[in-house]
Every structure is written in C-alpha cells, then in structure tokens.
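Everything on this sheet refers to the single structure shown next.
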Amino acid sequence: RVYRLAKERGMALVAITDHDTISGALTLSHLPDVIVGCEVSAHFPGQKVDVHLGVLDITERQFRQIDVLRHDVLELVQYLRDEAIFTTINHVASQVNGRLTPAHIAALLPWVDAFEVINGSRLRRQNRTALALAESSRKARVGGSDSHTGRGIGHTWTVVDGATNREEFLAGLRSGRARAEGREGSYFTMASDMLRFAGYAVREAGDGQ
C-alpha cells in the first residue's frame, strides 16, 4: 500500500524508511524504483538524548550492524561514513527523547550528509530551524513525509535534478545535489495522525480478542 500510494501520487522512486527495521522495505527491494532505508533511533551514550538518523540504500548486513551500533550514536556515524551510507539528521528541532543541544549537533555534523529540511508531519518553524542548520553547515537538504498512517505519503519528497533512475538519484544525493519539496506539517496533520493511530490501535485490539 505504501508503494502504491507513492506511485499514484507521482513519485518516480520510493524510499521506505521505517523506524529501526527494514523488513517492510525488503519486501519491495526487488523493484528497480525502490530504495531500502531506515530511520534509526540512535542514542548519545550516557545521556537521555536520542536523535533520528535517516539512512538510505543499505543492505541487510549493514542494517544488522546499524542496529547494534545505534545505542552509541558516535560509533554509529563513524560506521556509516566508513560504509559510505548517505545519512541525514531528521526533524532536528523536534524533541525525541531529550532535546538536542548545539553540542550534540556539532558532534554529528562532520559525519552526516544532509538535514531533513521539510518534514511532512512537523511544523513550519521546526523545518525552518533545520533549513538554517543546513545552510550554515553547507549540508544537503532533503524532504520526507514522516507518514506513519499513510496520509502524507508522496506529499513531501526529495528531488535530484537530472536524475533519470535510481542510481543517478543516489549519486546526486551523495554529491549534495538534492533539494526538498512538498508539504509541511501543521497542528491539523498532527492531530489527524494521532486520531488515525488511535483507530489502528482499537482495530488491532479487537482483532486480538
């Protein structure tokens, strides 16, 4: 359904980036227009602070190592750089588990390739903070729907001008030629997603009885 919605809404390529798993993306990995990715919940060691990193074009072997290293983000980002894995900081201005400080961001900057500057479920002011960080650090800029309910799939995206296939798109990402387009979030979209989540939870509870 994710793939179908993305294609119906005009996406040339489809990147599936579930939280801390690639099992869904792997079911589509045989398709030439699918990119296997993940949104990694990574932790600063010894602190109650998390950061969400987006990684694209990864293998099962790489994911297994990522899943081990994500409990120490400083070790993780070095591994991602060694493996030449395209890495973004996602929704940097929203609180995940403890707020990121300038010191946390500075520790990550040498190792990441891009900031997510348009997140389809986050407020405009949060996205503008990410854009300012991308501009000041001269990092690439990407967009993502961050859609956990299907509502936002294909409404926020990343563009690489001139790319005609998956390989050219990934090469453009790695060379910093990406830009973000599409919708930003609002209080309405956040409330709508919360209601959808509640509906899913009720249905699952009913199915389990």
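Quick check on region 116-142: of everything there that is among the basic types (Lys, Arg) and free of Cβ contacts under 8 Å to residues at least 12 places away in the same chain, which residue is surrounded by the fewest Cβ atoms within 10 Å (Cβ to Cβ)?
The first filter runs over region 116-142 and keeps only residues among the basic types (Lys, Arg), leaving 122, 124-125, 128, 138-139, 141.
Checking which are free of Cβ contacts under 8 Å to residues at least 12 places away in the same chain leaves us with 128, 138.
Values: Arg128: 14, Arg138: 8.
My answer is Arg138.
Of all residues in region 73-95, those satisfying the criterion of being hydrophobic (A, V, I, L, M, F, W, C) and surrounded by fewer than 16 Cβ atoms within 10 Å (Cβ to Cβ) are Leu74, Ala84.
Among the listed residues Ile153, Ile89, identify the single one that is in contact with a helix residue (DSSP H, G or I) (Cβ under 9 Å, 6 or more places away or on another chain), aliphatic (A, V, I, L, M) and at pLDDT 95 or above.
Details: Ile153 fails: at pLDDT 95 or above.
When all the criteria are applied, what remains is Ile89.
Residue count for region 150-169, restricted to those that are touching a Leu at 6+ places or on another chain (Cβ under 9 Å) and open to solvent by less than 60 Å² (accessible area, probe 1.4 Å): 8. Can you name the residue in region 27-36 that is in contact with a Lys or Arg (Cβ under 8 Å, 6 or more places away or on another chain) and not in a strand (DSSP E or B) and, of all such residues, is surrounded by the fewest Cβ atoms within 10 Å (Cβ to Cβ)? Ranking the candidates gives Pro32 first.
Of all positions in region 6-24, at least one carries a residue that is open to solvent by 10 Å² or more (accessible area, probe 1.4 Å), under 23 Å from Gly150 (Cα atoms), basic (Lys, Arg) and modelled with pLDDT of 95 or more.
The values are calculated or read from the model by the stated rules, or taken from the named source; none is laboratory data. Because the structure is a prediction, the values reported are computed rather than measured. Backbone-built Cβ (ideal geometry, glycine too); neighbour counts: all protein chains shown. Heads up: the accessible areas ignore ligands, DNA and RNA and are worked out on the full protein's heavy atoms, side chains in. Shrake-Rupley method; radii C 1.70, N 1.55, O 1.52, S 1.80 Å.
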